[in-house]
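Accompanying notes for the structure given below.
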Amino acid sequence: MTIARLADRSVLSIAGADSRAFLQGLLTQDVMQLAADRPLYAGLLSPQGKALFDMLLFAGADDSVLIDVAADRAAALARRLALYKMRKAVTIVPTDLAVWAAWDGDGGDAPADPREAALGRRWLAPAAGADGSDAYAAHRRAIGVPETAEIGEDELLWLETGADLLGGVSFTKGCYVGQENTARMHHRDKVRRRLVPVTLAGDRGDGVVRDAAGRSAGTLRGAIVAGRGFAHLRLDAAAAPLFVGDTPIGVHVPAWLAPALAPESGS
């Protein structure tokens, strides 16, 4: 079993009498379903439904919520949440907790990652030992689950990131920021582009993915490491031969993504 401390992640505490109700009106997931053995995957969106922050939520003491977020986005998330605070009984503070992950084994009693079981287990605990972020990133890329580095800020619609397939949105909880467009896309089955894991054996060039006729099919997102990365692709082009410059790329379809690429899905 591999256990890693993810130094590229930080943890914010959202506490106070209104903490859960506060987040319920902002985030894509049903925060009221959060429990000690049930972390949640969620996003904070723009009013247009574009992803601003992706995060994992953990239950803290006294109904507080602990937010596991990319370390380089934690301060910005705290500021963004503070804009919505108004007079609510909520405190938003950083913590000294570290994010841990375990895979290639049972991981003990830690909860399973809410996005995809193959990612392993994930929990919060005091920091200790060496940073395992690179090992975890390689594991995540192999499974094909995107995170902040590929999702970006205010660039992709939340459903284009695969959030609906990775447990990152509730379609029954009611209103939240960006809900209208997100729900419309879901119910009308209009997710035409998605983040898709790809393999690339050569240089990424200009990052534009093209089909055999030279037509643009999408763009690479984030880093390509050991030949693995992600592309934001038109789904109708995902099964065709694709190239970056003269270099062919392969589209990897993990089990969690397969429903979006099935012909009968209409995507």
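A few notes on this one:
- Selection within segment 214-237 - farther than 23 Å from Arg140 by Cβ and in contact with a helix residue (DSSP H, G or I) (Cβ under 6 Å, 6 or more places away or on another chain): Ala217
- Annotation note: of Asp206, Asp211, the sole residue that is in contact with a helix residue (DSSP H, G or I) (Cβ under 6 Å, 6 or more places away or on another chain) and surrounded by fewer than 17 Cβ atoms within 10 Å (Cβ to Cβ) is Asp211.
- Among the residues of segment 196-217, those identified as touching a residue at least 40 places away in the same chain (Cβ under 8 Å) and either in the same structural domain as His139 (by TED's automatic domain parsing) or farther than 23 Å from Gly43 by Cα (or both) are Val198, Thr199, Leu200, Ala201, Gly202, Asp203, Arg204, Gly205, Val209.
- Verdict on Ala78 being more than 21 Å from Tyr136 (Cβ to Cβ) and assigned by TED's automatic domain parsing to the domain that holds Gly178: yes
- Residue within segment 168-189 that is in contact with an Asp or Glu (Cβ under 6 Å, 6 or more places away or on another chain), under 19 Å from Leu45 (Cα atoms), assigned by TED's automatic domain parsing to the domain that holds Ala21 and of a type in the set (D, E, K, R) present: yes
- Segment 178-192, subset at pLDDT 95 or above and in contact with a helix residue (DSSP H, G or I) (Cβ under 8 Å, 6 or more places away or on another chain), residue farthest from Leu242 (Cα to Cα): Gly178
- Taking the conditions (1) within 25 Å of Leu165 (Cβ to Cβ); (2) in a strand (DSSP E or B) in turn, Gln48 satisfies each one other than (2).
- Odd one out for Glu153 among (1) in contact with a Phe, Trp or Tyr (Cβ under 9 Å, 6 or more places away or on another chain); (2) over 26 Å from Ala36 (Cα atoms); (3) of a type in the set (Asp, Glu); (4) buried (at least 19 other Cβ atoms within 10 Å of the Cβ): (4)
- Being buried (at least 19 other Cβ atoms within 10 Å of the Cβ), free of Cβ contacts under 8 Å to residues at least 40 places away in the same chain and either in contact with a strand residue (DSSP E or B) (Cβ under 7 Å, 6 or more places away or on another chain) or not in a loop (DSSP other than H, G, I, E, B) (or both) holds for only one residue in Leu220, Leu233, and it is Leu220.
- Residue match in segment 164-185 (condition: charged (D, E, K, R) and more than 29 Å from Pro39 (Cβ to Cβ)): no
- Here Leu66, Leu56, Leu23 are screened, and the one residue that is free of Cβ contacts under 8 Å to residues at least 60 places away in the same chain, in a strand (DSSP E or B) and hydrophobic (A, V, I, L, M, F, W, C) is Leu66.
The values are calculated or read from the model by the stated rules, or taken from the named source; none is laboratory data. It should be emphasised that the depicted structure is a prediction, and the values quoted were computed from it without experimental measurement. Neighbour counts are summed over all protein chains in view; Cβ atoms, including those assigned to glycine, are modelled from backbone coordinates with ideal geometry.
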